[in-house]
Amino acid sequence: MTDAATRLDTIRTRIARAAKAARRAPGDITLIAVSKTRGVDAIEALIAAGQRDFGESRVQEAAEKWPALRARYPDVRLHMIGRLQSNKAAEAAALFDTIHSLDRDSLLEAMAATDAPPAAFVQVNIGAEEQKGGIAIDALPAFLDRVRAGPVALAGLMAIPPQGVQASPYFALLAELARRHDVTGLSMGMSGDYEAAVMLGATQVRVGTALFEDL
Ligand SMILES: *Cc1c(COP(=O)(O)O)cnc(C)c1O
């Protein structure tokens, strides 16, 4: 196997093991390969190994890399995982299948105004960090009501826990918020903590470094 195929296999195996330990079906978890800053060759190696979901954090970078790749691999699904400016909503809607960073009314309105709004995860500022994107937990219920009024399909909740502390309590909190508000999708978990995220209910894990580099 190529290095990319080996890493992909390892991560899929670990996701399946974590899912089984939590009495979940491994097929209920989508692995998103976070390809921000990665070149086309590295991305194609993963596609050749069978990976189909990819995540980018900047519209500009995605616009440079993905239209040509998508033409070659039409079954790829592209996820926007980074902060999204409202004035880029139309461009993002044309490029991405799913947005993971819907976190404010201005962006919801900009997305609603696009021709074919992608489905969106509502990003929650789960650690109440000033510098981070995401809607405040207190503002989440009313915001979910506004999203549910349409036309943007609600895919779930997404969060990036604070760095340098255990992520699991934040994963558990996001899962609890999803339960409380009848939301099914949970985008949480990165290279260092995706197994914990799966055990706590993640339906989408966003893994970059562990897929693209030998750790
Ligand atoms: C970069 C990034 C990831 C992937 O992080 P790794 O630690 O490289 O796996 C996941 N989610 C978001 C929002 C990111 O920006």
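The values are calculated or read from the model by the stated rules, or taken from the named source; none is laboratory data. Treat the numbers as computed from the prediction; the structure is a model and nothing was measured. Neighbour counts run over all protein chains shown; Cβ positions are idealised from the backbone, glycine included. The accessibility values were calculated without ligands, DNA or RNA, using every heavy atom of the protein model including side chains. Shrake-Rupley method; radii C 1.70, N 1.55, O 1.52, S 1.80 Å.
Points to keep in mind about this one:
- Once you reduce region 1-65 and region 97-146 to the center of their Cα atoms, the two points are 24 Å from each other.
- Summing +1 for each Lys or Arg and -1 for each Asp or Glu among the other residues whose beta-carbon sits under 9 angstrom from that of GLY189 gives -1.
- With both labels modelled 7 Å from their Cα along Cα-to-Cβ, the GLU64 to ASP182 distance reads 4.5 nm.
- Percentage relative contact order, region 3-212, counting C-alpha pairs under 8 Å, at least six apart: 21
- Cα pair distances exceeding 28 angstrom across the chain, given as percent: 25
- Cross-link reach is defined here as a Cα-Cα straight distance under 19 Å, omitting same-chain residues fewer than 8 places apart; for LYS88 the aspartates and glutamates meeting it are GLU56, GLU61, GLU64, ASP97, ASP103, ASP105, GLU109, ASP115.
- Between amide H atoms placed 1.01 Å from N, distances below 5 Å from ALA155 occur with ALA120, PHE121, VAL122, all of them 5 or more places distant or on a separate chain.
- Overall, the accessible surface of the chain at a probe of 1.4 angstrom is composed of carbon and sulfur to the extent of 50 percent.
- Of the residues GLN131, GLN51, GLN166, the one that moves most in a GNM of the chain with alpha-carbon contacts below 10 Å is GLN131.
- Solvent-accessible area per residue, Å², over region 23-173 with all protein chains present [probe radius 1.4 Å]: 46
- For the chain, the longest site-free run once GluC sites (Glu not before Pro) in DSSP loop states with at most 16 other Cβ atoms within 10 Å are removed: 1-128
- For region 1-146, the residue among GLN51, ALA22, TRP66 whose Cα projects farthest onto the positive side of the dipole built from Cβ charges is ALA22.
- Extension reserve of the THR13-VAL40 stretch, reckoned as 0.36 nm per residue once the Cα distance is removed: 7.2 nm
- What the Cβ-Cβ distance of SER168 and ASP3 gives, at R0 = 30 Å and to the nearest 0.05, is a FRET efficiency of 0.50.
- Summed residue charge, Cβ within 14 Å of ALA62's Cβ, Lys/Arg positive, Asp/Glu negative: +2
- Projecting the Cα atoms of ILE11, GLN204, PHE96 onto the charge dipole of region 3-212, computed from C-beta unit charges around the Cα centre, puts ILE11 farthest toward the positive end.
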